[in-house]
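Read the structure below first, then the notes.
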Amino acid sequence: MRAQVAERVGSLRFRPGLAVVLVGDDPASASYVRGKDKAATTAGIDARTIRMPADTSQAALLHQIEALNADAAVDGILVQLPLPPHLDSAAVIEAVDPAKDVDGFHPINVGRLASGRPGLVPCTPLCVMRLLAHANVVLAGAKALVLGRSAIVGRPMVALLLAADATVTIAHSRTRDLPEECRQAEILIAAVGRPEMVRGDWMRPGAVVIDIGFNRRPDGRLVGDVAFAECVPVAGAITPVPGGVGPMTIACLLENTVTAAEQRRGVTA
């Protein structure tokens, strides 16, 4: 995908621009931003990171976003989450120009996705669809379970699966008999943020498992929401953590940036 993005960029008469806003000095966020910046630059995208102190005011952050909205050289804007607790994340997301919202989090893009209309799609759910397509997983009529109902992963994931004609169940912390629900799924997508919650005996033999979780154990190990070693012998296909969804999400961010640039500048395929 990165090679395809670089090829698309090379065919343009301009360099797409991506601006990432990083507030504070959270080590995990800083690491993610470095990865995004490197991948974007390698693909030929003009990437820049705006670093703001942790005590940045809401007004100052909104002013920065306003400036990026008005900057014709910027095609994509990404505000790295989570923000410091004193900032209103929802208001910040809504301040981003929907045409530059390469995270796909703006309510207008969320609404377009829910109603089946074209728009910028959240990167992680989009990457899951790319992974399923690459593995030749037939979605039409398949029983898919999305474990997690967040606005940025779970809910858009449901919309994309429905659009692909899957039969979709969404499960969460209040779902009764969650292991049994998981056993019914031909496609299981875990996005709950609880380390190794999904066990091997929750799995339908041959199920396709996409693990979106990214959790650090006290011993420093990075694990997903799925107990990988237990599930590998049961699953038909499974994504690892680290790896799997993480690098693909960055690839989809690059794709969204180029798509936003082409749409904004009237470039047709």
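The values are calculated or read from the model by the stated rules, or taken from the named source; none is laboratory data. The structure presented is a predicted model; accordingly, all values stated were derived computationally and were not measured. Heads up, the Cβs are rebuilt from the backbone with ideal geometry, glycines too, and the neighbour counts pull from every protein chain shown. The area values use the complete protein model at the heavy-atom level, side chains included, leaving out ligands, DNA and RNA. Shrake-Rupley method; radii C 1.70, N 1.55, O 1.52, S 1.80 Å.
Okay, here's what the table says:
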read-out	value
Scaled radius of gyration (Cα, divided by 2.2 N^0.38 Å) that region 91-232 gives	1.07
Rel. contact order, % - alpha carbon contacts under 8 angstrom, at least six apart, the chain	17
Mean-position separation - Cα centroids, region 6-68 and region 194-248, in angstrom	29
Selected from Lys38, Lys100, Lys143 as most flexible by GNM, with the chain as the system and alpha-carbon contacts under 10 Å	Lys38
Volume in Å³ per residue [convex hull over Cα atoms, computed for region 114-187]	92
Equivalent ellipsoid semi-axes - Cα gyration tensor, region 200-263, angstrom	28, 16, 7
Residue order for His134, His86, His172 - accessible surface, 1.4 angstrom probe, largest first	His134, His86, His172
For the chain: accessible area per residue (Å², 1.4 Å)	49
Of all accessible heavy-atom area on the chain, the percent that carbon and sulfur account for (1.4 Å)	54
Computed magnitude of the charge dipole of the chain (debye, nearest 20; Cβ of K, R +1, Cβ of D, E -1)	380
Helix-only mean residue ellipticity at 222 nm for the chain, each DSSP H run of n ≥ 4 adding -39500 (n - 2.57), per residue, nearest 500	-11500 deg cm²/dmol
Nearest-20 debye value, region 1-84 charge dipole, Cβ charges on Lys, Arg, Asp, Glu	400
